[in-house]
Every structure is written in structure tokens, then in C-alpha cells.
Amino acid sequence: LFAAMHRTLDQVETALDQKVYPAQARDLNFLAGALCGLMANACLDLGREEAADDLARAAWTHGQIIDHAPLMGWARGTQALAAIWDQRFADAARHAETGLLYVPTGMGAARNHAIHARALAACGDAVAARAAMTAAEKAHADADAARDELHDGVGGEFSFDAAKLRYYLALALLDSGDP
């Protein structure tokens, strides 16, 4: 699957190097960013945190080119996950906070708050982790009012359902020493 995504990303990047209309360039950058994000997730599953961080940063760059806040927020959250897996908890907290600048509400905010809670708990800040957990639950409860093209439209790996929220919050509680 990773190889197929890489081939598709090469095709998208080749198309971006051609003369394209602005709307086509926007769509191609969105696709490239989404593919980089999916590849970053695959790298996390394979235990390749550094590659995941690089690909998430590339996803953020494609989002920045087209000013796509949900993609940028999701990418920063993925960078935070890579940092958590790499035990760089302060970096993870910083990435999650930055992600919240781009997705302050909705499912993307719930995801970044939950990731932030995990990072804060791993840093030993149980009080701040608890506040981030509360913010994640509120953002998730209010997500229907703040739908976006990526988290709700594309969905799949980009969504953040109630089960995933509970899983992340459980990990934060464990890292806070509050099982």
C-alpha cells in the first residue's frame, strides 16, 4: 500500500510540475498533502517516526500552499504523534498546540486536543493533560457544528470518532498515573 501511495504521489507531483489551472493546482496539492499524510500514518505503523515526521511536514506544506487549514492542523497532529512515538513529548505538545491554530473547532480540534493531552501527560503535567482531555471531549461533542472537508468530508483515516477519542484519553490517563 505504501508503494502504491508513493507511486501516486509521484504522479501528482509530476502533474503539479506541468502548467495547470489554479483550481487544478489546489486539487493536486490537496491530494499530495493527503497522500503524504496517509504515508506518514503508515510510517508510524511501521515504527518509522522520523519518516512519519518528514511526511507529515510535507503534508503541512501542501496544505500551506493552498491555505487548507484542516490539512495543516491534521498534519501537525500527525507530527505530534510521531514525536510521541519517538518519546519527544515536549515537541509533541508544541505540534499539537500549533495544530489547534488551524483547527480550533470540530473533529480536528478534538484530535489535536486529545494528542495534546497525551503529550502533556507523558511530560508529567497531569493538570494540563486533564484540561486538554476536557477540551477534546467538548470539541468532539460540538463537532457537528464545525464540519470540514478533510475530517468530515474525506473521513476515513482523517476522521476522529468517539472510539478513537476514548482510546487517546485512556492513554493520557495511563500516562498521568490515573488508570
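Data for the structure
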| read-out | value |
| --- | --- |
| Among (1) assigned to a helix (DSSP H, G or I); (2) surrounded by fewer than 24 Cβ atoms within 10 Å (Cβ to Cβ); (3) in contact (Cβ under 8 Å) with a residue 40 or more places away in the chain; (4) more than 14 Å from the chain's Cα centre (by Cα), the one test that E157 misses | (4) |
| Residue check for A126: surrounded by fewer than 15 Cβ atoms within 10 Å (Cβ to Cβ), aliphatic (A, V, I, L, M) and farther than 18 Å from A80 by Cβ | no |
| Criterion: open to solvent by less than 10 Å² (accessible area, probe 1.4 Å) and not acidic (D, E) - qualifying residue of G47, G33 | G33 |
| Subset of region 57-70 [under 12 Å from the mean Cα position of the chain (by Cα), of a type outside the set (K, R) and farther than 17 Å from V12 by Cα] | A69, P70 |
| Among residues of region 129-148, those that are loosely packed, with under 13 Cβ neighbours inside 10 Å and charged (D, E, K, R), counted | 1 |
| Near pairs, Cβ below 6 angstrom, 6+ apart or cross-chain, from region 160-173 (of a type in the set (G, A, S)) to any residue that is open to solvent by less than 50 Å² (accessible area, probe 1.4 Å) | A172/A117; A172/R118; A172/A121; A172/A129; A172/M133 |
| Failed item in (1) within 30 Å of L120 (Cα to Cα); (2) touching a His at 6+ places or on another chain (Cβ under 9 Å), with A59 passing the rest | (2) |
| Residue count, region 106-121 (criterion: within 20 Å of V154 (Cα to Cα) and open to solvent by less than 20 Å² (accessible area, probe 1.4 Å)) | 6 |
| Residues of region 58-105 classified as among the β-branched types (V, I, T) and open to solvent by 70 Å² or more (accessible area, probe 1.4 Å), total | 2 |
| Any chance G63 is out of contact with any Leu (no Cβ under 8 Å at 6 or more places or on another chain) and in a helix (DSSP H, G or I) | no |
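The values are calculated or read from the model by the stated rules, or taken from the named source; none is laboratory data. Every value quoted in this text rests on a predicted model; they were computed, and no experiment measured them. Reconstructed Cβ throughout: ideal geometry from the backbone, glycine too, with neighbour counts over all protein chains shown. Accessible surface areas use protein heavy atoms only, side chains included; no ligands, DNA or RNA. Shrake-Rupley method; radii C 1.70, N 1.55, O 1.52, S 1.80 Å.
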